[in-house]
1. For the stretch 115-145 and the stretch 1-64, compute the distance between their C-alpha centroids and round to whole Å.
2. Over the chain, with a Gaussian network built from C-alpha contacts below 10 Å, which listed residue (Pro85, Pro13, Pro41) shows the highest mean-square fluctuation?
3. Please give, to one decimal in nm, the separation of the simple spin-label points placed at Lys107 and Met19, each 7 Å out from Cα toward the Cβ.
4. Using a Gaussian network model of the chain whose springs link C-alpha atoms within less than 10 Å, name the residue from Leu108, Leu12, Leu84 with the highest mean-square fluctuation.
5. Specify whether the C-alpha gyration tensor of the stretch 93-147 places it in the rounded, prolate or oblate class, a ≥ b ≥ c being the square roots of the eigenvalues: rounded for a/c under 1.5, otherwise prolate if a/b is larger than b/c and oblate if not.
6. Please report the relative contact order for the stretch 102-145, taking Cα pairs under 8 Å with a sequence separation of at least 6, and give it as a percent rounded to a whole number.
7. With unit charges on the beta carbon (Lys/Arg positive, Asp/Glu negative), name the residue among Ala142, Cys43, Ile123 whose Cα is farthest towards the positive pole of the charge dipole of the chain.
8. Considering only Gly17, Gln80, Phe34, whose Cα is most displaced toward the positive end of the charge dipole of the stretch 15-94, charges sitting on Cβ of Lys, Arg (+1) and Asp, Glu (-1)?
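Since every read-out is calculated from the coordinates, none of them should be taken as a lab result. Everything quoted here is computed from the prediction, not taken from an experiment. Cβ placement follows ideal geometry from the backbone for every residue including glycine, while neighbour counts extend to all protein chains displayed.
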Amino acid sequence: MKIGDTAPGFSLPDKDGNMVTLAQFAGKKVVLYFYPKDNTPGCTRQACAFAANFDEFSRRDIVVIGISKDSVESHRKFAQKHDLPFILLADPRLQTIKEYGVWQEKKLYGKVSMGTVRTTFIIDEAGKIMEIMPKVKPDTNAAEILEKLK
């Protein structure tokens, strides 16, 4: 996947079990961020940074969506615990995660495993990928996006 490509569509359940599609946000910019796991240190910092900047994203009419392989129930608890105002989508079958190419081999202390690589996509109003941010830093991802979209 590269900048200028049409972003793959999806239909996934949110933290309340409601189905959400990319198509329903046509005409708006979408920040689609993939993260490994609810309630882990880095993922919590990233989500809280998006929450802290949520008013600015909303003011600019930018939709924020986080996707991980966690369950609907896990997302509901994560959102409640950290007061997350944006959309979290569950992809336990890894369909969208794989379609966006973020299910990759990871190495930790010499151990190799497959997992979600923290990656953010910015999708324009026409559904085209305008930015791909691989291996983003959890603490600064939200602010970097706002800066890029000035």
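1. 9
2. Residue with maximal mean-square fluctuation among Pro85, Pro13, Pro41: Pro41.
3. About 4.2 nm separates the two model spin labels.
4. Leu108
5. oblate
6. 26
7. The listed residue farthest towards the positive side: Cys43.
8. Positive-most Cα among the choices belongs to Phe34.
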